[in-house]
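Every number here is computed from the coordinates shown, using simple stated rules; none is lab data. Note that the coordinates shown come from a computational prediction; the quantities given were computed from them, not determined experimentally. All Cβ positions, even for glycine, are placed from backbone atoms using ideal geometry, and neighbour counts span all protein chains on display.
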Amino acid sequence: MTAHDYEASVLFKQNYSSGAHVVVNQGGTSSGKTYAIVQVLFCLAGEAENQVITVVGQDIPNLKAGALRDALSIYNKSARLKNLIKNYNKTDRIFEFHNGSVIEFKSYANPQDAKSGKRDYLFINEANGIEWNIYTELALRTKTRIFIDYNPNYEFWVHNNLIGKPGVELIISDHRHNPFLEQNIRDKIENIKDADTELWKVYARGITGKINGLIFNNWYICDDIPVDAKLIAAGLDFGFTNDETGCIEVYTQNGELWVDELLYETGLTNKDIANKLIEAGLNKNTEIIADSAEPKSIEELKRLGWHIKGAKKRSRQH
Ligand SMILES: Nc1ncnc2c1ncn2[C@@H]1O[C@H](COP(=O)(O)OP(=O)(O)O)[C@@H](O)[C@H]1O
Ligand SMILES: [Mg+2]
């Protein structure tokens, strides 16, 4: 496996050729950070025997939606890579190479848990979801190189403890560095500017923001809503061309909120929305709290028999 086997972005080249001990990839959304780093890891595993590579996410669902998803898509696209890999163990999430190298995808519950095992390379995916104490235990047991990626919503341990120190390289990227992205996704990222320049700086330019608290970070993806969770209401946000129409059911259980995504799609008329909600199993008696910017749409859905009203809007404070 070499760099030439991939369609690679400039981020791949920078990460692949870095000689730093810690390579920090700060960036906007969809700049190709995770994809590039995973490509580099596949190269490193294929090039040398018996390499141990650990990819860490805050939990398994986040890994499945992040680094592991990218890894499987790279693996499935590359016949060359398939020849080098003996087996992908789905249960333990380990790629086993014929040359003895392995790439494992893991999450750690606490610093003690992170003391197990040693490795040659470490990749911390979406590092703002990982505690500093877990990072240090993993970093201590990493011989050659550490890759880190994240969206810089706010300053955290990478900024306070790593960037600027010897042996740490910082690469900042945004969607303009990713040649593989569709135009509509680019437009959407740039359009954030109309709504919120602080968010735009973070997500479109990869500049460290101060949006801690405005965006929830303390959430996890799960397989099921607990059976004893109580449904509060549904939330509906209208979009059309550039933005998706989104609808979620919100439950509470055990003092926590549980959210089920029913719908997230562009190009839907109000009739389409009604049909999709029926398909998704939303009960017409469930109260829907909708984006109050579209009173006409709300009225139309009401006339189609939905129990819907506009949300009371609060403006966001910076
Ligand atoms: N080298 C590549 N080849 C093909 N598609 C790519 C490549 N790099 C990125 N992409 C596409 O761009 C999307 C966003 O990249 P990703 O690495 O997930 O962004 P980030 O981690 O910076 O948010 C990926 O899901 C993939 O579809
Ligand atoms: Mg990513």
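Points worth noting:
- Taking N as its residue count, the alpha carbon Rg of the chain over 2.2 N^0.38 Å: 1.11
- For the chain, calculated [θ]222 nm from helices alone, where every DSSP H run of n ≥ 4 adds -39500 (n - 2.57): -8500 deg cm²/dmol
- Contact order relative to length of the chain, as percent, for alpha carbon pairs under 8 angstrom and 6 or more apart: 17 percent
- Cα long-axis angle, helix 183-195 against the chain (0 to 90 degrees, to the nearest 10): 60 degrees
- Each of the peptides 222-229, 281-288, 93-100 was scored by the mean count of other Cβ atoms within 10 Å over its residues; in descending order, highest first, they stand as 93-100, 281-288, 222-229.
- √(5λ) per eigenvalue of the Cα gyration tensor, the stretch 230-310, largest first, Å: 20, 14, 12
- Using only alpha-carbon positions in the stretch 3-183, the gyration tensor eigenvalues give semi-axes of 22, 20, 15 Å once each is multiplied by 5 and square-rooted (largest first).
- Radius of gyration over Kirkwood radius for the stretch 116-246, both on Cα atoms: the Rg/Rh ratio is 1.03.
- Extension gain for residue 221 to residue 110 (0.36 nm times residue separation, less C-alpha to C-alpha distance): 38.1 nm.
- A Förster radius of 51 Å, combined with the Cβ-Cβ distance separating residue 87 from residue 292, puts the computed FRET efficiency at roughly 0.45.
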